[in-house]
2 protein chains.
Amino acid sequence: MKICFIVAMQAEAQPFIDRFGVSEAPGFFLPLPCKMYQTDIDGNKLYVVLNGQQQGSDLVGCEAASVATMAAIQQLHPDLVINSGTCGAFKKNGAAIGDVYISNGVMFHDRRVPGDDAWGTQSLGNYPIFDRAAEIANAIGFKMGKVTTGSSLDMQPCDLQIIEENHGELKDMEGAAVAFVCSLFKTPIMLIKSVTDLCDESAETFEIFKKNLAMASHAIADANEKVINYLLKKS
Amino acid sequence: MKICFIVAMQAEAQPFIDRFGVSEAPGFFLPLPCKMYQTDIDGNKLYVVLNGQQQGSDLVGCEAASVATMAAIQQLHPDLVINSGTCGAFKKNGAAIGDVYISNGVMFHDRRVPGDDAWGTQSLGNYPIFDRAAEIANAIGFKMGKVTTGSSLDMQPCDLQIIEENHGELKDMEGAAVAFVCSLFKTPIMLIKSVTDLCDESAETFEIFKKNLAMASHAIADANEKVINYLLKKS
């Protein structure tokens, strides 16, 4: 089995990279800035693909995620893509900082194209999720929730309205873009997200995100390890 | 010279496709839904790449534009990418419905990642533009303006604030994503936009967009022809 993790930021991926001792394949995606790490696990392939950098910081957001996912699928042909990273969540739904979720749905919350049904449907997205996601979440004991994706760290009233109308629980900046590209290539995708901030407790500032990033990234490394062990039937 | 036009919607591209008699290469980008049309002009190659469809409508927005641009650059190796399509503009800046502009800059207006300089800079984008854009606009007599891109047809107060702070004049839904991917591959890009609606005259409704789409798409076909003739030194 070939499993490919797509992660936006180096800091989000580093505890996971350290845990699995994956090694970098420098320049694998040139001329793209995406970074590739890999290792073998009992004859299976584990890949970790990061967006890489531009203009002095790790690339985040939906365009970079689209590019990294497309490059990863084209060059690595994974059986399963896992988008793993941090997210915001809602205290009113029972979320707490550091919680890990497996997604049971993924859509955009900041692509507003009203008009008629087809455009509205396409803009929200609602892409297919790996059909074993619920089985995995139940077996390991993770909560499940719907990921909604937008290109901004903050949450505007128009975003919250779409999130609430569509029962979104986990607010991230890449998931739906990764899932969109996977849908085009018909590559199965699941999303594993850990919570760095509570959207309904305080403004989603960069300071709160940075404060909780290391802890949430260690939580995601633990979660990723459990999912990999479950998928590969390791104890 | 290999010139590749990237256009979101079939309706935007059709007058241009008809004008140049380009022929479709069916399934060229499979499994991607993107569509490819091509013709030869005096030993030069003209390509027109469309996003294609998903979920019952032409794909629009930044993720589809990222995918189409990446596929086009990987498979066609163009010397120049031209993102051609419709946009909103501002009456207060002297714009009128049907006006054609060549862009002198391109950035995102809906990727809000405050925090520090590097993240903010990356999120706005501000990608390089083909170094002959001003020469072409001056020679043909087109206005120039800065394109700002967002994933929504409407314009929220937070969008307008970023547009005004950065002197944006032309509001579209793909330009910065096309330019971002071009920046990764170091492929020169220019943007040719025609105005379907005035953001400061009325709400940017789907009805106004649809009403003016055919006229603006014919204006863009005329403009594209002039730019091609200038680049290829045809009379």
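The values are calculated or read from the model by the stated rules, or taken from the named source; none is laboratory data. Since the structure is predicted, the reported quantities are computational estimates derived from the model, not experimental observations. Using ideal geometry, Cβ is built from the backbone for each residue, glycine included, and neighbour counts are taken over all protein chains shown.
Among residues of the stretch A:17-29 that are over 20 Å from A:Asn224 (Cβ atoms), those with a Cβ under 7 angstrom from a residue that is assigned to a strand (DSSP E or B), sequence gap 6+ or separate chain, pair up as A:Phe28/A:Met36; A:Phe29/A:Met36. Filtering the stretch A:53-89 to residues that are aliphatic (A, V, I, L, M), at the interface with chain B (Cβ under 8 Å from one of its Cβ atoms) and farther than 21 Å from A:Gly27 by Cβ leaves only A:Val60.
Answer yes or no as to whether A:Glu174 is more than 10 Å from every other protein chain (Cβ to nearest Cβ) and surrounded by fewer than 17 Cβ atoms within 10 Å (Cβ to Cβ). The answer is no for A:Glu174.
For the stretch B:95-125, a residue qualifies if it is free of Cβ contacts under 8 Å to residues at least 24 places away in the same chain and either in a loop (DSSP other than H, G, I, E, B) or under 22 Å from B:Met215 (Cα atoms) (or both), and the qualifying residues are B:Arg111, B:Val113, B:Pro114, B:Gly115, B:Asp116. Candidates A:Thr187, A:Thr149, A:Thr196, A:Thr205: the one that is modelled with pLDDT under 95 and touching a helix residue (DSSP H, G or I) at 6+ places or on another chain (Cβ under 6 Å) is A:Thr196. Looking at the structure I just gave you, is A:Ala25 hydrophobic (A, V, I, L, M, F, W, C) and touching a Cys at 6+ places or on another chain (Cβ under 8 Å)? So A:Ala25 does not fit the description; no. Of all the residues in the stretch B:90-116, those that are within 12 Å of the chain's Cα centre (by Cα), β-branched (Val, Ile, Thr) and more than 14 Å from chain A (Cβ to nearest Cβ) number 2.
Run A:Asn224 past the list (1) in contact with a Phe, Trp or Tyr (Cβ under 6 Å, 6 or more places away or on another chain); (2) within 30 Å of B:Lys35 (Cβ to Cβ); (3) not aromatic (Phe, Trp, Tyr) and report the number of the one that doesn't hold. The single condition A:Asn224 does not satisfy is (2). Any residue in the stretch B:53-72 that is modelled with pLDDT under 95, of a type in the set (S, T, N, Q) and either closer than 30 Å to B:Lys2 by Cβ or surrounded by fewer than 20 Cβ atoms within 10 Å (Cβ to Cβ) (or both)? Scanning the stretch B:53-72 turns up at least one residue that is modelled with pLDDT under 95, of a type in the set (S, T, N, Q) and either closer than 30 Å to B:Lys2 by Cβ or surrounded by fewer than 20 Cβ atoms within 10 Å (Cβ to Cβ) (or both). Being of a type outside the set (A, V, I, L, M, F, W, C) and in contact with a His (Cβ under 9 Å, 6 or more places away or on another chain) holds for only one residue in A:Gly94, A:Gly168, A:Gly175, and it is A:Gly168.
Counting the residues of the stretch A:184-197 that are more than 7 Å from chain B (Cβ to nearest Cβ), buried (at least 18 other Cβ atoms within 10 Å of the Cβ) and within 16 Å of A:Ile82 (Cα to Cα) gives 7. Screening the stretch A:9-31 for residues that are of a type in the set (Gly, Ala, Ser) and more than 24 Å from B:Cys182 (Cα to Cα) and picking the one that is nearest to the other protein chains (Cβ to nearest Cβ) gives A:Ala11. Residues in the stretch A:207-233 that are within 13 Å of another protein chain (Cβ to nearest Cβ) and either surrounded by fewer than 17 Cβ atoms within 10 Å (Cβ to Cβ) or within 24 Å of A:Asp18 (Cβ to Cβ) (or both): A:Glu207, A:Phe209, A:Lys210, A:Lys211, A:Leu213. For B:Gln14, the conditions (1) surrounded by fewer than 22 Cβ atoms within 10 Å (Cβ to Cβ); (2) part of a loop (DSSP other than H, G, I, E, B); (3) not charged (D, E, K, R) are fulfilled apart from (2). Count of the stretch A:20-71 residues, restricted to those that are over 21 Å from A:Met107 (Cα atoms) and outside any strand (DSSP E or B), is 19. Touching a residue at least 24 places away in the same chain (Cβ under 8 Å), surrounded by 15 or more Cβ atoms within 10 Å (Cβ to Cβ), in contact with a helix residue (DSSP H, G or I) (Cβ under 7 Å, 6 or more places away or on another chain) and more than 19 Å from A:Ala64 (Cβ to Cβ), is that true of A:Leu32? It is false that A:Leu32 is touching a residue at least 24 places away in the same chain (Cβ under 8 Å), surrounded by 15 or more Cβ atoms within 10 Å (Cβ to Cβ), in contact with a helix residue (DSSP H, G or I) (Cβ under 7 Å, 6 or more places away or on another chain) and more than 19 Å from A:Ala64 (Cβ to Cβ). Between A:Lys171, A:Lys193, the distinction of being under 9 Å from the mean Cα position of the chain (by Cα), within 29 Å of B:Cys158 (Cα to Cα) and touching a residue at least 12 places away in the same chain (Cβ under 8 Å) belongs to A:Lys193 only. Within the stretch B:132-168, if we keep just the residues that are of a type in the set (S, T, N, Q) and either over 16 Å from A:Ser151 (Cβ atoms) or more than 14 Å from the chain's Cα centre (by Cα) (or both), the residue that is nearest to the other protein chains (Cβ to nearest Cβ) turns out to be B:Ser152.
Being of a type outside the set (Asp, Glu) and either touching a Leu at 6+ places or on another chain (Cβ under 7 Å) or surrounded by 24 or more Cβ atoms within 10 Å (Cβ to Cβ) (or both) is a description that does not apply to A:Lys45.
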